[in-house]
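Readers should treat all values here as calculations from the given coordinates under stated rules, not as data from a laboratory. Given the structure is predicted, the values throughout are model-derived calculations rather than measurements. A quick note on method: Cβ atoms are made from the backbone with ideal geometry, for glycine too, and the neighbour counts reach across all protein chains shown.
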Amino acid sequence: MSEELAIKVIEAINDRDRDLIEPLTTEDVQLRLPIGEVYYGRAGIRGFFDQLEKMLPDLTLAARKVYTCEHFAIVEYEAAGHSPKLAPKEESMGVLILELDGNGRKKVARAQLYLDTAHWQTLTG
């Protein structure tokens, strides 16, 4: 179940389907980035996707490996997309850790996104 959920999250990101993210997350979901940014709740997640789509409108994630347990999923991914700020195609790697809620609903309660912070600053700065 954890692996299916992780794949659905990646598919929703690739499809830019914010409505698909909602049933996969708890109402008080948190998305944390290593640069100290935290997005709270489903509205916060939508805001992050809005920002991400402006920076990399054709972003595509490919799950290289998915590791799962009862209460979490770890997705090792490769990402590619074009940034309006930068001419060449952007490529990067990272890890997305999805912590699932403890109520047996198998929804994402907290997501920790590990990425190249210098690269992220180039895109956002």
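Once the piece of chain linking ASP19 and GLU4 is laid out straight, how much longer is it, given 0.36 nm per residue of separation minus the C-alpha distance between them? Intermediate results must be reported in sequence, preceding the final value.
Values: separation 15, 0.36 × 15 = 5.40 nm, distance 1.74 nm.
Full extension of this stretch gives 3.7 nm more.
Which angle between 0 and 90 degrees, to the nearest 10, do you get for helix 2-15 versus the longest principal axis of the chain when only C-alpha atoms count?
Helix 2-15 and the main axis of the chain meet at about 30 degrees.
Give the residue from LEU24, VAL66, SER2 lying farthest towards the positive end of the charge dipole for segment 2-124; charges sit on Cβ (+1 for Lys and Arg, -1 for Asp and Glu) and the dipole is referred to the Cα centre.
So the residue furthest toward the plus end is LEU24.
Can you list the residues, at least 5 places off or on another chain, whose amide H is less than 5 Å from the amide H of ARG110, using H built in the peptide plane?
Under 5 Å from the amide H of ARG110 lie the amide H atoms of GLN30, GLU99, each far enough along the sequence or on another chain.
Where the only charges are on Cβ atoms (+1 Lys, Arg; -1 Asp, Glu), what is the dipole of segment 2-124 about its Cα centre, to the nearest 20 debye?
It comes to approximately 140 debye.
Mind checking the full-extension length gain between HIS71 and MET93? Use 0.36 nm per residue of separation minus the Cα-Cα distance, one decimal, nm.
Contour length minus the Cα-Cα distance gives 5.6 nm.
Lysine pairs, Cα distance under 17 Å, 8 or more residues apart or cross-chain: how many in the chain?
Lysine pairs, 8 or more places apart or on different chains, close enough: 5.
Cα axis of helix 41-55 to longest principal axis of the chain: angle in degrees, 0 to 90, nearest 10?
20 degrees
Under the Kirkwood approximation for Rh and a Cα-based Rg, what ratio Rg/Rh is obtained for the chain? All intermediate terms of the calculation are to be shown ahead of the outcome.
On the way: Rg = 13.9 Å, Rh = 14.6 Å.
Taking Rh as the inverse mean 1/r over Cα pairs, Rg/Rh reads 0.95.
Simple spin-label model, 7 Å along Cα-to-Cβ: THR26 to GLU78 in nm?
A separation of 3.4 nm, rounded to one decimal place.
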